[in-house]
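These notes concern the structure reproduced below.
The values are calculated or read from the model by the stated rules, or taken from the named source; none is laboratory data. None of the values given here were measured: they were computed from a predicted structure. FYI the Cβ positions are ideal-geometry reconstructions off the backbone, even for glycines, and counts take in every protein chain you see. Surface accessibility is based on the protein's heavy atoms, side chains included, excluding ligands, DNA and RNA. Shrake-Rupley method; radii C 1.70, N 1.55, O 1.52, S 1.80 Å.
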Amino acid sequence: MKMLHWTTRLELALADPNALRVLDKSSIVRATRDVRSSVSDPTVERWIQEAVSAGRLRRVVRGLYLNQLINPPAQLSEAAVWLRPGAIVSLQTVLGDSGVWNNYTPWVTAVVPLSRRYATPSLGRRDTVDGTFVFRGIPESILEAGREDDRLTAGITYRRATPGAALLHWLYLSESPRSGMSAPPTDLNLDSLDLPRLERLSTAMRIGAAFHAWLTRVEGGTQ
C-alpha cells in the first residue's frame, strides 16, 4: 500500500479534533516532524505559504496562524491569548455575539490581566493581517474574582467571558479613571442574563454598588 505524501499526512493531523486550533511556526514544525522527521525548515515554510494561499491556514501575524483544517475552523478570537498572555475575550465581542448588545463588531475585544505574573501588556488597538484586536487592562484579582462558571464560558478551548462577566468588565472599566470607557448603554437586552449570577459576580469584583446604580438607570430608561 502506497504511503501518503507527508503533506497529506500533515494536513490530516491538523484536521484531527485534538489538533491545535491556533498554530505558531514551532508547533507547525513539530507537527511536520511527527509525520516526516527529515523535512527541512525551508520546506515547512514553503508549505505554510501554500497553506495560507489555499485557505488551510489564516495568518494573524507573522508566525501565528489559525487552523482552518480543523472542524469547526479556528476563529480570530482564539488568537487573543497568543498576542497577550492571559487575555480573555470579552466586552463588545461577547455581548454582540450573544445578542445582549444589539451591535456586531468584527473587532475582537479582550481584557488582559494586570499582574506581576505577566509582563506589562501593550494595551489598545492591535491591527493584524486577519483583523483588529482591542486589549484593555483589568487587575488580575478582579478578573479572577468569583466563581469560574460565573465568569468564563465552559466547553471551549480559549478564555472567553460569559456575557454577564463581559458586561461587568465593561462596567468596571467605565468606573476606572484610567480606561476612558463610558458606561455600558442602558438599552442592552438583559433578558438572557442571570441576575443572581450578576449579583454574585459584581459583589466578588467589588463593583456591586456601581452595578446596582447602572441597573437602576436601565430600569428607569435613562442614559
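Do we have Val100 as closer than 30 Å to Leu195 by Cβ, touching a helix residue (DSSP H, G or I) at 6+ places or on another chain (Cβ under 7 Å) and at pLDDT 95 or above here? No; evaluated as a whole, the condition is false for this residue.
For segment 117-124, check the following and say yes or no: at least one residue is farther than 22 Å from Leu64 by Cα, open to solvent by 30 Å² or more (accessible area, probe 1.4 Å) and touching a Leu at 6+ places or on another chain (Cβ under 9 Å). Checking segment 117-124: not a single residue is farther than 22 Å from Leu64 by Cα, open to solvent by 30 Å² or more (accessible area, probe 1.4 Å) and touching a Leu at 6+ places or on another chain (Cβ under 9 Å).
Pairs are defined by a Cβ separation below 8 Å, a sequence spacing of at least 6 or placement on different chains, a first member in segment 19-30 that is farther than 15 Å from Ala79 by Cα, and a second member that is open to solvent by 60 Å² or more (accessible area, probe 1.4 Å); the pairs so defined are Val29/Asp41.
Of all the listed residues (Leu76, Leu10, Leu83, Leu69), the sole one being free of Cβ contacts under 8 Å to residues at least 60 places away in the same chain, more than 23 Å from Ile156 (Cβ to Cβ) and open to solvent by less than 80 Å² (accessible area, probe 1.4 Å) is Leu10.
Only a single criterion out of (1) β-branched (Val, Ile, Thr); (2) open to solvent by less than 10 Å² (accessible area, probe 1.4 Å); (3) outside any loop (DSSP other than H, G, I, E, B) is not satisfied by Val100, namely (3). Restricted to segment 125-157, and to residues there that are within 18 Å of Trp82 (Cβ to Cβ) and small (Gly, Ala, Ser), the residue that is surrounded by the fewest Cβ atoms within 10 Å (Cβ to Cβ) is Gly131.
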